[in-house]
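Structure, as structure tokens:
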Amino acid sequence: MRTDGMLKDDALKGQTIIVTGGGTGLGRAMGKYFLELGANLVITSRKMEVLEKAAQELEAETGGKVLPVQCDVRDYEQVENVLAKTEERFGQIHCLLNNAAGNFVSPTERLSNRAFDTIIDIVLKGSTNFTLALGKKWIAAEQAGTVLNIVTTYAWTGSGYVVPSACAKAGVLAMTRSLAVEWAKYKIRLNAIAPGPFPTEGAWSRLLPGDLIDKFDPAKLVPVGRVGEHQELANLAAYLMSDFSSYVNGEVVTIDGGEWLMGAGEFSHLEKVPQAMWDMLEAGRGKKS
Ligand code: NAP
């Protein structure tokens, strides 16, 4: 395993990239690597104090330029404000990373309709708001652009207990593939990443509080036997943002150590069969032939 930066130092030089939910977790980790590769970064979410602290730290760590802008992705006017502030500070906008999300782990019948709406609004509407607002700008200015959406593997398998999130991420994936075709003529490229388990406060301690994280240890569900390192995701995100991937369009790249296939394969649970039992089964087959 390698956890150092993968791309050339200037891979994103001069690019201005907006990362929604960029003050924490994976958004912050990807943003940090974009800065290291020469990008200007705009981070946006609801909590301005979190964004300001992250911006200061990221600038100190990388020497890059970071603009924090408060925005609830559910509100189209606030989204347009982020774009205006970004243009004011950096001029042209080149890339968008739709990363902001919310989730409730719960039996679906225990959720109120408002809770359901909240997740759909943050994840799906948030991503469509930013993509539409920026896409309109790019098309009017005849300017190329790149959009990267963070989904999950249950965007296509579905998953119990996170149903609003599954519905919303499936919608984001549909938008990715649809616009990848429709907007390619405008030189706008869209791709998605489906991460498996990567430790963050948002995805882990909040979603699986207390000793639940030990009981349902995510690493045990991953064939390669471990969870992801943030830099592994950042390497993939930077590649998909950069011009090195300009022939990749409408793709969703899974980075999960094989986790979702483990659940999908009908016989994968035979992993638990001990070697001695395989020996017995093989010996039994040998006798018959
Ligand atoms: P996280 O740190 O909780 O990130 C979520 C971010 O979204 C926060 O910065 C939050 O900031 C922002 N946000 C939430 N509601 C918002 C709203 N209404 N408007 C604007 N921003 C909002 O969790 P994470 O694990 O890094 O997740 C990042 C992405 O990876 C998500 O799309 C998630 O679904 C995806 N993912 C993560 C994993 C994993 O194992 N970590 C696995 C699969 C997919 P504020 O609270 O300040 O608004």
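Can residue 49 be described as free of Cβ contacts under 8 Å to residues at least 24 places away in the same chain, within 11 Å of the ligand (Cβ to nearest atom) and either more than 21 Å from residue 245 (Cβ to Cβ) or assigned to a loop (DSSP other than H, G, I, E, B) (or both)? Give the derivation first.
On the way: free of Cβ contacts under 8 Å to residues at least 24 places away in the same chain: yes; within 11 Å of the ligand (Cβ to nearest atom): yes; either more than 21 Å from residue 245 (Cβ to Cβ) or assigned to a loop (DSSP other than H, G, I, E, B) (or both): yes.
When the stated conditions are applied, residue 49 passes them.
How many residues are assigned to a strand (DSSP E or B) and closer than 25 Å to residue 269 by Cβ when one looks only at region 172-224? Let's see the steps before the verdict.
Initial filter on region 172-224 (assigned to a strand (DSSP E or B)): 188-195.
Remaining after also requiring closer than 25 Å to residue 269 by Cβ: 194-195.
Within region 172-224, residues that are assigned to a strand (DSSP E or B) and closer than 25 Å to residue 269 by Cβ number 2.
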For residue 134, all conditions in the list (1) at positive phi; (2) crowded, with 17+ Cβ neighbours inside 10 Å hold save one; what is the number of the exception?
(1)
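Filter region 58-77 down to the residues that are near the ligand (Cβ under 10 Å from one of its atoms) and closer than 19 Å to residue 89 by Cβ, then identify the one that is surrounded by the fewest Cβ atoms within 10 Å (Cβ to Cβ).
Taking region 58-77 first, the residues near the ligand (Cβ under 10 Å from one of its atoms) are 70-75.
Still in the list and also closer than 19 Å to residue 89 by Cβ: 70-71.
Values: 70: 17, 71: 28.
Per the stated criteria, the residue is 70.
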For region 88-106, what are the residues that are modelled with pLDDT of 95 or more and away from the ligand (no atom under 13 Å from the Cβ)?
88, 89, 90, 91, 92, 93, 94, 95, 96
Flagged in region 134-154 as in a strand (DSSP E or B) and either free of Cβ contacts under 8 Å to residues at least 24 places away in the same chain or over 20 Å from residue 122 (Cα atoms) (or both), in numbering order, are 145, 146
Which ones in region 225-251 are away from the ligand (no atom under 13 Å from the Cβ), part of a helix (DSSP H, G or I) and crowded, with 16+ Cβ neighbours inside 10 Å?
231, 235, 238, 239, 240, 241, 245
Yes or no: residue 55 surrounded by fewer than 20 Cβ atoms within 10 Å (Cβ to Cβ) and either in a helix (DSSP H, G or I) or within 9 Å of the ligand (Cβ to nearest atom) (or both)?
no
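Please tell me if residue 166 is buried (at least 20 other Cβ atoms within 10 Å of the Cβ), in a helix (DSSP H, G or I), in contact with a helix residue (DSSP H, G or I) (Cβ under 7 Å, 6 or more places away or on another chain) and without any contact (Cβ under 8 Å) to a residue 60 or more places away in the chain. Give the derivation first.
Values: buried (at least 20 other Cβ atoms within 10 Å of the Cβ): yes; in a helix (DSSP H, G or I): yes; in contact with a helix residue (DSSP H, G or I) (Cβ under 7 Å, 6 or more places away or on another chain): yes; without any contact (Cβ under 8 Å) to a residue 60 or more places away in the chain: yes.
So residue 166 passes the test.
The values are calculated or read from the model by the stated rules, or taken from the named source; none is laboratory data. None of the values given here were measured: they were computed from a predicted structure. Ideal geometry is used to build each Cβ from the backbone, glycine not excepted, and the neighbour counts take in all protein chains shown.
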